[in-house]
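Quick note: the coordinates plus some simple rules give every number you see, no bench work behind them. None of the values given here were measured: they were computed from a predicted structure. Cβ atoms come from the backbone with ideal geometry, glycine included; neighbour counts cover every protein chain shown.
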Amino acid sequence: MESFRYNPRIRAMRPSASMALMAKAREMQRTDPSVIGLAAGEPDFPTPDRICMEAIRAMSEGYTHYTPGPGLPELRQAIRDKLARDNDIHCETEDILVTPGGKNAIFLAVNALLNPGDEVILLDPSWVSYEPIVLSAGGVPVHVRLDWQASYRVTREALEAAVSPRTRLLIVNYPNNPTGRVLTPAEADVLESFLLDNPQVALLSDEVYEKILFDGNVTVSMASRERVRERVITVNGFSKCAAMTGWRLGYLAADKRFMEPIYKLHQHSASCVSGFVQRAAVVALDCQQEMEEMRRIYQERRDLFVSELNEIPGVHCESPAGAFYAWAIFDYPGLDSNGICTYLMDHAGVVGMPGSEYGELRASSMRFSFANATEDMVRAGERIKSALLELPR
Ligand SMILES: Cc1ncc(COP(=O)(O)O)c(C=O)c1O
């Protein structure tokens, strides 16, 4: 057969490294069950029972057909109330679209709003899917390399160096995957004044880890800032905070002007989200206690794992303020992110993600998910430590 030349926008994308490393860990575990996979960003907790029971009830009540495209009214209203209560975001029910996952919400927004050649600013280290999604829309990713020695703080200078008349979108993500940082009020001020001075730029705020915050930390939702809120698209979902990764459920909130093209694209792609999943999501929004219990356990694991990493000479790991990732910087001459990742796979039986996949090209770094059983985190910490102690420094 003549070779098939597929869409160049898709050709420009790299396959998902996290999915590749998750598959690698599973493959290694087939021959060595003691291998510990810390690459996946997936809670190890089961979905809370109340949520599952509601889905079963809704299914038996007939919520098994197409639903209204933007989402069930009761779920959109519950999301509107939640945004007002938890995030100080005040919008109307019509400004909310329910989507099959937060990733899909980002895909819809980016693809509906960009023109070919429009530039999108990404703050690195950044989640692995932003760049491919921008490429899928014919956009141009512009990477701002934040500095680990300055704790990845967002600065006006860094944004100024990246912005141009073609900039249409800035994507931010707090609590952050992979660094675990939150957005401080001072950084939110920087983003706000940047948006005010650059009226051609919209901001997409990815808040899928919003409930996973440690030590009383808080993070700012940019749509709570009155002067810029019309230009902020807020994305959230149920995967991370409610342990619902497999349900594929997320949402976005955006001004009507943005919603019109976004909804059009949704109508012609997913159409709608399963009714029984949406009914269960109404209950999930009420599961504060269950989410708090998971958060508390993540914090215990974070403390165990991060303190073990910091005992290793040549390793620096700032305690993350949120999300469930430990982001470690390594100082081992000759070993970059991929080198360290491969070394730990081969000598510690621990599979993490190399930091270069998130655009950290200046420091050798890795991301380890601590959304894994506490005993696995303890074993992983010990094994990483003894493997690295063998290395010359
Ligand atoms: C930063 C970030 N945003 C969005 C998502 C998408 O989550 P989902 O599509 O499961 O809601 C993820 C998942 O890994 C993520 O890490």
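Sketch the reach of a paramagnetic label on residue 227 as a point 7 Å from Cα along Cα-to-Cβ, and name the residues of the stretch 176-219 whose backbone nitrogen lies under 18 Å away.
Answer for the stretch 176-219: 184-203.
Might you report the magnitude of the Cβ-based charge dipole of the stretch 303-393 about its Cα centre, with Lys and Arg at +1 and Asp and Glu at -1, to the nearest 20 debye?
Dipole size: approximately 120 debye.
Could you rank the peptides 11-24, 43-56 by their average count of other C-beta atoms within 10 Å per residue, with the highest value first?
43-56, 11-24
Count charges around residue 337 for me, please; just the other residues with Cβ under 9 Å from its Cβ, Lys/Arg as +1, Asp/Glu as -1.
Around residue 337, the surrounding residues sum to -3.
Under 14 Å between alpha carbons: how many lysine pairs meet that in the chain, if sequence neighbours fewer than 8 apart on the same chain are excluded?
The result is 4.
Taking the Cβ of residue 302 as the centre, find all other residues whose Cβ is under 12 Å away and add up their charges (Lys, Arg: +1; Asp, Glu: -1).
With Lys, Arg at +1 and Asp, Glu at -1, the neighbours total -2.
Do you know the relative contact order of the stretch 256-361, to the nearest whole percent, from alpha carbon pairs under 8 angstrom that are 6+ apart?
So the answer I get is 12 percent.
With each pseudo-label sitting 7 Å past Cα toward Cβ, what's the residue 268-residue 34 distance in nm, one decimal?
5.6
Please identify which residues in the stretch 282-319 have an amide N closer than 20 Å to a label point set 7 Å out from the Cα of residue 379, following the Cα→Cβ vector.
Residues 298, 300-309 fall inside that zone.
Compute, for the chain, the length of the dipole vector about the Cα centre, with Cβ point charges of +1 (Lys, Arg) and -1 (Asp, Glu) only. Units Debye, rounded to 20.
920
Can you tell which of 244, 258, 284 lies farthest toward the positive end of the dipole of the stretch 187-295, using +1 and -1 charges on the Cβ of basic and acidic side chains (Lys, Arg; Asp, Glu)?
Comparing the listed Cα positions along the dipole, 258 ranks first.
For 114, 389, 97, what ranking results if the residue with the fewest other Cβ atoms within 10 Å of its Cβ goes first?
Listing 114, 389, 97 from fewest to most nearby Cβ atoms yields 389, 114, 97.
Restricting attention to the stretch 59-120, which chymotrypsin sites (Phe, Trp or Tyr not before Pro) occupy a DSSP loop and are surrounded by at most 15 other Cβ atoms within 10 Å?
Loop-located and lightly packed - 66.
In nm, to one decimal, how far is the modelled label at residue 386 from the one at residue 57, with both set 7 Å along Cα→Cβ?
5.0
How much length is gained on full extension from residue 155 to residue 293, taking 0.36 nm per residue of separation minus their Cα-Cα distance?
46.2 nm
Whose amide H sits under 5 Å from the amide H of residue 220, counting only residues 5 or more places off or on another chain, with H placed in the peptide plane?
Placed amide hydrogens put 183 under 5 Å from residue 220.
Nearest 20 debye, what's the magnitude of the dipole of the stretch 278-353 about its Cα centre given +1 on Lys and Arg Cβ and -1 on Asp and Glu Cβ?
So the dipole magnitude of the stretch 278-353 works out to roughly 240 debye.
Full-extension gain between residue 300 and residue 331, please, as 0.36 nm times their residue separation minus the C-alpha to C-alpha distance.
Contour length minus Cα-Cα distance gives 8.5 nm.
If you restrict to DSSP beta bridges whose two residues both lie in the chain, what percentage is antiparallel, to the nearest 5?
Once the DSSP bridges in the chain are tallied, antiparallel ones form about 50 percent.
Which whole-number percentage describes the relative contact order of the chain, with Cα contacts under 8 Å and a sequence gap of 6 or more?
23
Along the charge dipole of the chain, which of 186, 345, 21 sits closest to the positive end, that is, farthest toward it, with unit charges on the beta carbon of Lys, Arg, Asp and Glu (+1, +1, -1, -1)?
Selected residue: 21.
Calculate one ³J(HN,Hα) per residue across the stretch 64-78 by plugging θ = phi - 60° into the Karplus curve 6.51 cos²θ - 1.76 cosθ + 1.60, and present them in order as whole Hz with x for glycine and proline.
10, 10, 4, 10, x, x, x, x, 5, x, 5, 6, 4, 5, 5
Near residue 370, within a Cβ-to-Cβ distance under 10 Å, what is the net charge of the other residues, with Lys and Arg +1 and Asp and Glu -1?
-2
Summing -39500 (n - 2.57) over the DSSP H runs of n ≥ 4 in the chain and dividing by its residue number, what mean residue ellipticity at 222 nm do you reach, to the nearest 500 deg cm²/dmol?
It lands at -12500 deg cm²/dmol.
Rank by packing, highest mean first: peptides 259-266, 234-241, 85-92, with packing defined as the count of other Cβ atoms within 10 Å averaged across residues.
Per-residue Cβ counts within 10 Å, averaged per peptide and sorted highest first, yield 234-241, 259-266, 85-92.
Amide H neighbours of residue 153 under 5 Å, counting only residues 5+ apart in sequence or on other chains, H built in-plane at 1.01 Å?
147
For the stretch 6-154, what class follows from the C-alpha gyration tensor (a ≥ b ≥ c being the square roots of its eigenvalues): rounded when a/c is under 1.5, otherwise prolate if a/b is larger than b/c, else oblate?
Oblate, since a/c reaches 1.5 and b/c is not below a/b.
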